[in-house]
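Trainee: I have a structure I would like to understand better, so I am pasting it below and will then ask my questions one at a time.
The values are calculated or read from the model by the stated rules, or taken from the named source; none is laboratory data. Being a predicted model, the structure only gives us computed values, none of them experimental. All Cβ positions, glycine included, derive from the backbone under ideal geometry; neighbour counts span all protein chains shown. We work out accessible area using only protein heavy atoms, side chains counted, and drop any ligands, DNA or RNA first. Shrake-Rupley method; radii C 1.70, N 1.55, O 1.52, S 1.80 Å.
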Amino acid sequence: MTSATGRAGPASNAAAAGTWKLGDRSVNRIGFGAMRLTANADGTPSDRDRAIAVLRRAMDLGVNHIDTAAFYFSPLRSANELINRALAPYPDDLVITSKVGPGKDPSGHWLDMARPDQLRGQVEENLRQLGRDHLDVVNLRRLPSVGSIAEHFGALADLRAAGLIRHLGISAVNGGHLAEATTIAPVVCVQNRYGIGVRTDDPGLLRTCGEQGIAFVPFFAIAGEGGAAGPGGPADQEVRTVARAHGATAAQVRLAWTLQRGPHVLAIPGTGNPDHLAANVAAGALRLSADEMHRLGGE
Ligand SMILES: NC(=O)c1ccc[n+]([C@@H]2O[C@H](COP(=O)([O-])OP(=O)(O)OC[C@H]3O[C@@H](n4cnc5c(N)ncnc54)[C@H](OP(=O)(O)O)[C@@H]3O)[C@@H](O)[C@H]2O)c1
């Protein structure tokens, strides 16, 4: 299939950190998160042409894994619609991962966790917006109100069996949830908040995923404690020191640190800025020493 981006040529920078398999689909470990595409930092809707250009540039840089959700939208922009507009007909090697569970009403107000029987509608919403007949990967994004994920994950497993979804993942979970899910259907990825200085409820989960051949996909790897507000928490002097030593930026060091936590760790940095996109892809070639990893909090 010919892609809308005319992807060609040898430059595949997103492959610099290697690849990982999500089920039967191979992806470069540097991917892209679409959450930041729909709005500027002040909340105003993003420029459509700029967002589309960022997505197409990501393809040119070898990115073949995009993380998205139907609930990533601003008053005038939808991440899924931008992806569809920018990239369809989709390159054969592109893996689009979406997530369901939470939702927003049309005005953008958060809703409670969807009931298991509502997940099909959320999957179909993604299919319509992306213009696809199946989704490559769908994460069940757990909200804290959900203890056991068995019923929700079971509903997604049914949709997988029905051919609407190729592979399943889970998000905002601990090892107990992972164990629960794997008794129901194969899990190809776990997407949790993770990064330098980010406290996690289950520090052993990253390693458990590696042992089971499951991708660990951090979100907020750059934003860190800044979370949805973006970088801007307390300045981390150590990150800046390491960055200076490599002629890199703090954001690049944060990404490189996560990637070096294991070959199964994938990056999905989010940006609407073409320069930041290029810098994030380039971070895949950055190698931190064992001493630097240790100083930054690695083992
Ligand atoms: N499963 C979940 O619950 C969940 C939750 C949140 C996010 N996610 C997914 O994870 C992805 C990553 O999370 P995220 O986008 O919130 O956070 P992130 O990738 O950690 O950081 C994004 C923030 O950092 C800035 N940034 C990006 N690259 C930069 C660079 N090279 N230099 C300086 N600043 C840079 C962005 O602003 P600019 O736009 O100005 O670059 C934005 O403010 C999301 O896009 C989304 O797909 C999943």
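Trainee: Pairs, please: C-beta under 8 Å, at least 6 apart or cross-chain, first residue in a helix (DSSP H, G or I) and in segment 283-298, second of a type in the set (S, T, N, Q) and modelled with pLDDT of 95 or more?
Mentor: Short answer, once both residue conditions are applied: Ala283/Gln252; Gly284/Asn28; Met293/Gln260.
Trainee: So which residues in segment 176-198 are more than 18 Å from Leu259 (Cα to Cα) and either open to solvent by 10 Å² or more (accessible area, probe 1.4 Å) or assigned to a loop (DSSP other than H, G, I, E, B) (or both), if there are any at all?
Mentor: Gly176, His177, Ala179, Glu180, Thr182, Thr183, Ile184, Ala185, Pro186, Val187
Trainee: Further question on the same structure: Inspect all residues belonging to segment 183-190 and state whether any of them is within 13 Å of the ligand (Cβ to nearest atom) and at pLDDT 95 or above.
Mentor: yes
Trainee: Got a sec? Which of Val63, Val95 is in contact with a Lys or Arg (Cβ under 8 Å, 6 or more places away or on another chain) and over 28 Å from Ser145 (Cβ atoms)?
Mentor: Val95
Trainee: Another question, if that's okay. Of (1) at pLDDT below 95; (2) within 11 Å of the ligand (Cβ to nearest atom); (3) of a type outside the set (Ser, Thr, Tyr), Asp201 satisfies all except one. Which?
Mentor: Going through (1) at pLDDT below 95; (2) within 11 Å of the ligand (Cβ to nearest atom); (3) of a type outside the set (Ser, Thr, Tyr) one by one, Asp201 breaks only (2).
Trainee: Take the residues in segment 214-232 that are open to solvent by less than 40 Å² (accessible area, probe 1.4 Å) and assigned to a loop (DSSP other than H, G, I, E, B); name whichever of them is modelled with the lowest pLDDT.
Mentor: Gly230
Trainee: Consider Gly18 against the criteria (1) in contact with a Pro (Cβ under 8 Å, 6 or more places away or on another chain); (2) within 14 Å of the ligand (Cβ to nearest atom): it satisfies all of them except one. Which criterion is unmet?
Mentor: (2)
Trainee: Continuing with this model, one more query. Does segment 153-175 include one or more residues that are in contact with a helix residue (DSSP H, G or I) (Cβ under 9 Å, 6 or more places away or on another chain), open to solvent by 20 Å² or more (accessible area, probe 1.4 Å) and part of a strand (DSSP E or B)?
Mentor: For segment 153-175, residues in contact with a helix residue (DSSP H, G or I) (Cβ under 9 Å, 6 or more places away or on another chain), open to solvent by 20 Å² or more (accessible area, probe 1.4 Å) and part of a strand (DSSP E or B): present.
Trainee: Let me ask something additional. Residues of segment 114-145 being part of a loop (DSSP other than H, G, I, E, B) and crowded, with 20+ Cβ neighbours inside 10 Å, which ones? Write out each step before concluding.
Mentor: Residues of segment 114-145 part of a loop (DSSP other than H, G, I, E, B): 114-115, 131-134, 142-145.
Within segment 114-145, Ala114, Arg142 meet the criteria.
Trainee: Could you check how many residues of segment 252-278 are open to solvent by 30 Å² or more (accessible area, probe 1.4 Å) and either of a type outside the set (Lys, Arg) or near the ligand (Cβ under 10 Å from one of its atoms) (or both)?
Mentor: Number of matching residues: 9.
Trainee: Would you mind finding the one in Arg240, Arg244, Arg207 that is more than 26 Å from Gly62 (Cβ to Cβ), modelled with pLDDT under 95 and out of contact with any Lys or Arg (no Cβ under 8 Å at 6 or more places or on another chain)?
Mentor: Details: Arg244 fails: modelled with pLDDT under 95; Arg207 fails: modelled with pLDDT under 95.
So the residue among Arg240, Arg244, Arg207 that is more than 26 Å from Gly62 (Cβ to Cβ), modelled with pLDDT under 95 and out of contact with any Lys or Arg (no Cβ under 8 Å at 6 or more places or on another chain) is Arg240.
Trainee: On the given criteria, is Ala248 within 11 Å of the ligand (Cβ to nearest atom), small (Gly, Ala, Ser), more than 22 Å from the chain's Cα centre (by Cα) and closer than 29 Å to Thr68 by Cβ?
Mentor: Yes, satisfied.
Trainee: On to the next question. For segment 5-110, list the strands (runs of 3 or more DSSP E) that sit wholly inside it and hold at least 2 residues that are open to solvent by 50 Å² or more (accessible area, probe 1.4 Å); which are they? Outline the logic, then answer.
Mentor: Working: elements: 19-22, 25-28, 65-67, 95-100.
Answer list for segment 5-110: 19-22.
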